[in-house]
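Visitor: My structure is below; once you've seen it, I'll send some questions.
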Amino acid sequence: MSEIIGVLESVYVGRSDQEFSKHPCASLQLELDGIVGDRHRALMREAWKGDKQPQGTIRRNERQWSAVSVEELAAMEQHMDLQESLTAAKLGANLCFQGIPKLSQLPRGTVLKFPSGAELLVEEYNPPCVEISEKLASIYSNNAGEPLGRGAFSQAAKFSRGLVGVVEVAGIIKSGDKVTVHPYQPPLWLTRLERHEQGR
């Protein structure tokens, strides 16, 4: 997969652990332990219920940032037939991109490069959870004026919820920045090895 050029449409920061939504800002300072001023900034975190490790285990924080795309937000909004626009802020995302096809399907190891030299590394897809689905059901209504069902968002966002990852190189990123996406490619030696094994 060749590189993709997109745009960082908007950026957000969440300062309070008591508030899920994040607030728009002009720029973000990225450090190796995450976004300055954001509640998810840390090198480590506690595992939660249903995580890869037992709840409470101290593990590496692979969720220093979260991202969604304008296109996938629009598709989710249409699927739920919302009266109001579904925003990155309401989903608790730090970054909202435009012009990156199927953002949520970018593989682990993909690198996002910015004009300042800052780089972000994709860790994994960010699946929709029950908590955010219930939160949005309490905020949004559909065009018929009816409240959303508790599982409406989980259904709409099944394959388009966005990504999470870590800071690879520190720097400043700003709304309007061009971003160069380098999708993960297996190293050449591994590709050759697989071909060799298949040819046996």
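The values are calculated or read from the model by the stated rules, or taken from the named source; none is laboratory data. Keep in mind that what you see is a predicted model, and the values were worked out from it rather than measured. So basically every Cβ, Gly included, is an ideal-geometry build from the backbone, and we count neighbours across all protein chains shown.
Visitor: Pick from V36, V11: which is surrounded by fewer than 15 Cβ atoms within 10 Å (Cβ to Cβ) and either closer than 21 Å to F97 by Cα or at pLDDT below 95 (or both)?
Guide: Working: V11 fails: surrounded by fewer than 15 Cβ atoms within 10 Å (Cβ to Cβ).
The match here is V36.
Visitor: I'm told G145 meets every condition in (1) part of a loop (DSSP other than H, G, I, E, B); (2) surrounded by 12 or more Cβ atoms within 10 Å (Cβ to Cβ); (3) not aliphatic (A, V, I, L, M) except one. Can you identify the failing condition by its number?
Guide: So G145 meets the others, but not (2).
Visitor: Among the residues of the stretch 93-114, is any surrounded by 21 or more Cβ atoms within 10 Å (Cβ to Cβ), in contact with a Cys (Cβ under 8 Å, 6 or more places away or on another chain) and modelled with pLDDT of 95 or more?
Guide: Scanning the stretch 93-114, I find no residue that is surrounded by 21 or more Cβ atoms within 10 Å (Cβ to Cβ), in contact with a Cys (Cβ under 8 Å, 6 or more places away or on another chain) and modelled with pLDDT of 95 or more, so the answer is no.
Visitor: Mind listing whichever residues of the stretch 81-131 are more than 23 Å from D33 (Cβ to Cβ), more than 12 Å from the chain's Cα centre (by Cα) and not in a loop (DSSP other than H, G, I, E, B)?
Guide: The answer is L82, Q98, V130, E131.
Visitor: Looking only at the stretch 3-30, which residues are in contact (Cβ under 8 Å) with a residue 12 or more places away in the chain and in a loop (DSSP other than H, G, I, E, B)? Spell out how you get there, then give the answer.
Guide: Looking only at the stretch 3-30, we keep the residues that are in contact (Cβ under 8 Å) with a residue 12 or more places away in the chain, and these are 3-17, 20-30.
Matches in the stretch 3-30: E3, G14, R15, S16, D17, F20, S21, K22, A26.
Visitor: If I ask for residues that are part of a helix (DSSP H, G or I), loosely packed, with under 13 Cβ neighbours inside 10 Å and not aromatic (F, W, Y), which ones from the stretch 149-200 would you list?
Guide: Matches in the stretch 149-200: L188, L190, T191, R192, L193, E194, R195, H196, E197, Q198.
Visitor: Moving on to the next point. Which residues, taken from the stretch 52-71, are in contact (Cβ under 8 Å) with a residue 24 or more places away in the chain and either outside any helix (DSSP H, G or I) or crowded, with 22+ Cβ neighbours inside 10 Å (or both)?
Guide: Across the stretch 52-71, the qualifying residues are N61, E62, R63, Q64, W65, S66, A67, V68, S69.
Visitor: A follow-up question, please. What are the pairs with Cβ atoms under 8 angstrom where one residue, in the stretch 122-144, is under 16 Å from K90 (Cβ atoms) and modelled with pLDDT of 85 or more and the other, located anywhere, is among the polar types (S, T, N, Q) and surrounded by fewer than 17 Cβ atoms within 10 Å (Cβ to Cβ)? Sequence gap at least six, or different chains.
Guide: Pairs found: Y140/Q83; S141/Q83; N142/Q83.
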